[in-house]
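Working notes for the structure below.
The values are calculated or read from the model by the stated rules, or taken from the named source; none is laboratory data. Quick caveat: nothing in here was measured; it's all calculated off a predicted structure. A quick note on method: Cβ atoms are made from the backbone with ideal geometry, for glycine too, and the neighbour counts reach across all protein chains shown. These accessible areas exclude ligands, DNA and RNA; they are computed on the full protein's heavy atoms, side chains included. Shrake-Rupley method; radii C 1.70, N 1.55, O 1.52, S 1.80 Å.
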Amino acid sequence: MKTANRTTLSDISSTAGVSLSTVYRILRGKRRRGNTAHEQVVSLLEKHGFLDKRISPLLLVESVSRSRHGHMLAKYFHDACRRERIQLYFSRKEYCAEDIQKYKPAGIVSLTELDFSPDIPLVYLNCHINIPGVDSVCQDGQQNLVNLLCSLKEAGYKRIGCFLPSTGSIRYNYAHGFVLPENAYVSAGLQALPELFFRLDTRSENHYENCLKAADYFYRLSSPPDVIALTNDGYMYAIAGFLNMRKSPIRLASADNSVYGSAETLNFPQSQLAALGNLPCCEMADAALALVCDKIKDHSGLSRKILFSSKINLCNPYNS
């Protein structure tokens, strides 16, 4: 790559007094902050158009506890930055303020809600933030559930139950806040029968006790559901295990693949699985990178919320 004045990477190495291989390493993001020669090379690369000063480096912030879904999003975001030759640093929420001072990032992408407002462009990735004007890339959980219900209906399921942990409504992560699930059933053209909704405050007991209660409730109904739609597929393993112990034919379905599983790797029979959402992690990471770069280039630009829907993968309900 050459600029209009024909400055080459060899010219930059000569001017800075470093080897050409050092210039290449710095261009690939291998840079030692505080090293005067390295800082001079970076300045020359920016001056002559080999690096975009406005979008490098970036800071990716995560929480202490990271789900497998979060792990995949972080991986794909790192890959996207590497393709664009953007230097990326990783940080934890509790160290974010310190790392901003340390690394001087041009922008931040965060997988967790920050407890302060940085003075540089910030984009939230897969995180529901109830703050007007905040930029984010996230799942449209409400549409995910509607799509799942429509797919199950088209596949021939007649009675579709719903397990609602923690509250009497669903938090449609990460776009619409709390919404009654009955609305999603109506949108999918299904009858929202009260007995098909099991509500449980999961904060009062442990995970397996909650899953056992849910499995027992649906199993003991005089007319059990054909399939149970779950708001979080973290419940699928335990509930499926309890249903299998009772030799129940009830299937499970989730549009939120937060544990990054697949029909082949789940620890219960595939015949028990009706659907699994395939979240577009790579596409979400690419969108977050594009969004934060846009905000860096134009601080006055309008804030945006980019929504993605899961891809529903149905198993044949009549083929065990």
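In region 25-43, the qualifying residues are those that are open to solvent by 30 Å² or more (accessible area, probe 1.4 Å) and within 15 Å of Asp11 (Cβ to Cβ), and the one that is modelled with the highest pLDDT is Gln40.
Contact map, region 204-230: residues that are more than 11 Å from Phe242 (Cβ to Cβ) paired with residues that are surrounded by 13 or more Cβ atoms within 10 Å (Cβ to Cβ) and among the acidic types (Asp, Glu), Cβ distance under 7 Å, separation 6+ or inter-chain. Pairs shown: Leu221/Glu195.
Taken together, the residues in region 222-238 that are buried (at least 16 other Cβ atoms within 10 Å of the Cβ), modelled with pLDDT of 85 or more and in a loop (DSSP other than H, G, I, E, B) amount to 3. Selection within region 239-279: residues that are over 22 Å from Pro194 (Cα atoms) and at pLDDT 80 or above. The member of this set that is least open to solvent (accessible area, probe 1.4 Å) is Ala240.
Looking only at residues of region 202-221 that are in a loop (DSSP other than H, G, I, E, B), open to solvent by 30 Å² or more (accessible area, probe 1.4 Å) and in contact with a helix residue (DSSP H, G or I) (Cβ under 9 Å, 6 or more places away or on another chain), we find that the one that is farthest from Leu164 (Cα to Cα) is Leu221.
Test Ala97 against the stated conditions and say whether it is without any contact (Cβ under 8 Å) to a residue 60 or more places away in the chain and farther than 25 Å from Glu283 by Cβ. Yes, satisfied.
Does Ile120 fit the bill of being under 20 Å from Ile296 (Cβ atoms), open to solvent by 30 Å² or more (accessible area, probe 1.4 Å) and at pLDDT below 90? Judged against the criteria, Ile120 is not a match. Identify the residue in region 280-320 that is at pLDDT 85 or above and β-branched (Val, Ile, Thr) and, among all such residues, is nearest to Tyr237 (Cα to Cα). In this case the residue turns out to be Ile306.
When region 49-78 is filtered for residues that are open to solvent by less than 30 Å² (accessible area, probe 1.4 Å) and at pLDDT 80 or above, the ones remaining, listed by number, are Pro57, Leu58, Leu59, Leu60, Val61, Glu62, Met72, Leu73, Ala74, Phe77.
The number of residues in region 95-132 being in a helix (DSSP H, G or I) and of a type in the set (S, T, N, Q) comes to 1. Flag set for Ala106, criterion: in contact with a Ser or Thr (Cβ under 8 Å, 6 or more places away or on another chain), surrounded by 18 or more Cβ atoms within 10 Å (Cβ to Cβ) and modelled with pLDDT of 90 or more.
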